[in-house]
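Structure first, then comments.
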Amino acid sequence: MKKADFILIASAIILAGIMLAFFFNKKGSVATVYCQGEIYKTVDLKTSENMTFTVNNVEIQIENGKIRANNSTCHDKVCVKQGFIEKAGQTVACVPNGVVIVISGSFHVDGVTG
Amino acid sequence: MKVKASVIIFALIAVITVTVLCTCIAGKTSEISFSGMGTVISLKLTSSEKENEKCIKELSDMFSEIENSISANDEKSVLYNVNKSTNETDDKYIVEIAEICKDVYEKSNGAFDFTAGKLVSLWGIGFENAKVPDSGAIAEAVTQRGIEKVNVFGEKVTKSKDIELDFGGAGKGFACDKAKEYLENTKVKKAVVSVGGSLLFYGKKQGGWTVAVKDPNFDGGYALTFSLKDGFVSTSGSYERYFTDENGKTYHHIFDTQTGYPVENDLISVTVVADNGAVSDALSTACFVLDEEKSKSLLEQYNAEAIFIRKDRTVNVLGNIKVNCAEGYKTVEQ
């Protein structure tokens, strides 16, 4: 295969990938709150009401589909300074208190009853 | 002319990409939420964009029409008028829902009771005026009910004037039934309709639909999920509507209409899966009132299944549903 052929096929694959990725791209919606390495709670940010709760000295706030560490007893407050996160892959960690928030892509829930 | 292999591959990739995108556009999923029937209604429809738009408009109109018939609280509704003055109606929605409610009332020995409208409005749970009524008023309200005081016959519903009907325990599921009937005459292939947490899963989804049950102890979380081929799902829970009196005692909205007080047991929510929406809605209330053991034969009569979540966060399934519990919840050993 010539170099030009390779470039042609590679660019087609990349273009197709970009088009499909663009089409299917979705905001991350599920926040998992870990405390000392264990899941404390999983929250669907798309459907959750605005609320505040405290896990191991870290006050966590959910507002309009975003989540943040609103307050913490830790010394440097790195977690609080990070502010709101909302996209898949983003994390907030309060290392001194052992609290981590991770946002994942999708919860694959089609309907919620209750 | 010799066509290079690379050009053929390029063309193939282009065609596949465009086809995939076109398929997705033709089967576009539209989502919308709005308020109606005294709650939040959410629609998720998969069809062409134009068809989705048309269906959302027509479904929304239909829900308003149903609300105008069966709402017990809206002073302009047909039911309000029946309860307060006429005592009879041939309204098609009222006749249909009354037939289903009467059947569930009889099969559950009154655990699902749509004839106790006076007791429900006396307590006013879910409204600003909610209070514990005085015991004399409760004693009177429990006599102002009973299936023998309602007649559903020949496309007409009549009732005795000392009772009031309340379809609140079946209305949301009933709206899902009507949505299904409507969708069957459209080009919509797949849909999820949610009327205040009563759900219709319409059409087949590869791998099944994933249903989540709200976490009764934590707003925004899920207690468990399960997979469903299609059908209707409804939940009744003591955490949904309640008030706390000056002594700190909590009163929820699911009544034992024989005593006139909210049901007291170990349950916090009951989710029912059935092939009829109004039935799933009414059964979720009936099973909450009856508790787990007595619910078995009732569920069997409707070929329905139920998930009981108890206050201690254990989960009991009656039927073949395989549930995945979230952190903090676990199924009981069968």
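The values are calculated or read from the model by the stated rules, or taken from the named source; none is laboratory data. All figures in this text were calculated on a predicted structure; none of them were measured in a lab. Accessible surface areas use protein heavy atoms only, side chains included; no ligands, DNA or RNA. Shrake-Rupley method; radii C 1.70, N 1.55, O 1.52, S 1.80 Å.
Ignoring ligands, DNA and RNA, how much accessible area is buried between chains A and B, both sides summed, with a 1.4 Å probe, to the nearest 100 Å²?
Answer for the A-B pair: about 2800 Å² buried.
List the equivalent ellipsoid semi-axes of the range B:103-147 in whole Å, largest first, each obtained as the square root of 5λ for an eigenvalue λ of the Cα gyration tensor.
22, 13, 7
Across every pair of different alpha-carbon atoms, what Kirkwood hydrodynamic radius in Å does the range B:28-145 reach?
It is 16.9 Å.
Using only the Cα atoms of the protein assembly as shown, construct the convex hull and provide its projected area averaged over every direction, in square nanometres to one decimal.
29.0
Report, as a whole number in µm² per second, the diffusion coefficient that Stokes-Einstein gives for the range B:238-313 at 4 °C and 1.567 mPa s using the Kirkwood radius over alpha carbon pairs.
In µm²/s, the coefficient rounds to 99.
What are the equivalent ellipsoid semi-axes of the range A:27-114, built from the alpha-carbon gyration tensor (square roots of five times its eigenvalues), in whole angstrom, biggest first?
With the √(5λ) rule applied to the range A:27-114, the semi-axes are 22, 12, 12 Å.
Using a 1.4 angstrom probe, figure out how much accessible area chain B has per residue, in square angstrom, rounded to the nearest whole.
Heavy-atom SASA per residue in chain B reads 48 Å².
Apply the Debye scattering formula to the range B:105-231, with a single equal point scatterer on each alpha-carbon and no solvent, then give log10 I(q)/I(0) at q = 0.10, 0.11, 0.15 Å⁻¹.
-0.51, -0.61, -0.96
Quick one: angle between helix B:171-183 and the longest Cα principal axis of chain B, in degrees between 0 and 90, rounded to 10, please.
The answer is roughly 30 degrees.
So, with a 1.4 angstrom probe, what is the percent of accessible area on the range B:43-201 that is carbon and sulfur?
Whole-percent figure for carbon plus sulfur exposure: 46.
Using only the Cα atoms of chain B, what do you get for the radius of gyration and for Dmax, in Å?
Looking at chain B, its Cα Rg and Dmax stand at 22.9, 98 Å.
Considering Cα pairs under 8 angstrom that are at least six residues apart, work out the relative contact order of the range B:154-202 and quote it in whole percent.
With pairs under 8 Å counted, the relative contact order is 33 percent.
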